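What follows is a short report on a single structure.
The values are calculated or read from the model by the stated rules, or taken from the named source; none is laboratory data. Quick caveat: nothing in here was measured; it's all calculated off a predicted structure. In this analysis, Cβ positions are derived from the backbone assuming ideal geometry, glycine residues included, and neighbour counts consider all displayed protein chains. Just so you know, the surface numbers come from the protein's heavy atoms only, side chains and all, with ligands and any DNA or RNA stripped out. Shrake-Rupley method; radii C 1.70, N 1.55, O 1.52, S 1.80 Å.
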Amino acid sequence: MINTEVGRRLKEIRMSSGLTQREVSERLGIVLQQYQTYESGRYQMDYDKIVRVCKILNVSADYLLGIDEI
């Protein structure tokens, strides 16, 4: 499933945090290519990864998922 809005927000937040894709993927405990599929919107993260990435990037799940604009 393609979800480019979540991927766009994920990339935007990661970059503003000064982290590379590799750094985020390592903190999530996944391979770089898997993380890249999330940013590209080709695949969706499961619940556990959403929670973990929100903690890593210090962002709310509501913002990441496009529910909230703040």
Review point. With respect to Leu57, is the statement that it is surrounded by 16 or more Cβ atoms within 10 Å (Cβ to Cβ) and of a type in the set (A, V, I, L, M) true?
Key: yes
Counting only residues that are surrounded by 12 or more Cβ atoms within 10 Å (Cβ to Cβ), in contact with a Lys or Arg (Cβ under 9 Å, 6 or more places away or on another chain) and among the small types (Gly, Ala, Ser), segment 16-31 contains a total of 0
The one condition Arg14 fails out of (1) modelled with pLDDT under 95; (2) within 10 Å of the chain's Cα centre (by Cα); (3) among the charged types (D, E, K, R) is (1)
Checked against (1) open to solvent by 70 Å² or more (accessible area, probe 1.4 Å); (2) within 10 Å of the chain's Cα centre (by Cα), Val6 satisfies every condition except (1)
Within segment 32-54, restricting to residues that are without any contact (Cβ under 8 Å) to a residue 12 or more places away in the chain and surrounded by fewer than 17 Cβ atoms within 10 Å (Cβ to Cβ), the one that is nearest to Asn3 (Cα to Cα) is Thr37
*Could you please let me know if Leu65 is at pLDDT 95 or above, touching a helix residue (DSSP H, G or I) at 6+ places or on another chain (Cβ under 8 Å) and open to solvent by less than 80 Å² (accessible area, probe 1.4 Å)?*
no
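Working only within segment 1-35, note down all residues that are of a type outside the set (Val, Ile, Thr), part of a loop (DSSP other than H, G, I, E, B) and within 25 Å of Asp68 (Cα to Cα).
Residues of segment 1-35 of a type outside the set (Val, Ile, Thr): 1, 3, 5, 7-12, 14-19, 21-23, 25-29, 32-35.
Keeping just the survivors that are part of a loop (DSSP other than H, G, I, E, B) gives 1, 3, 17-19, 29.
Those that are of a type outside the set (Val, Ile, Thr), part of a loop (DSSP other than H, G, I, E, B) and within 25 Å of Asp68 (Cα to Cα): Met1, Asn3, Ser17, Gly18, Leu19.
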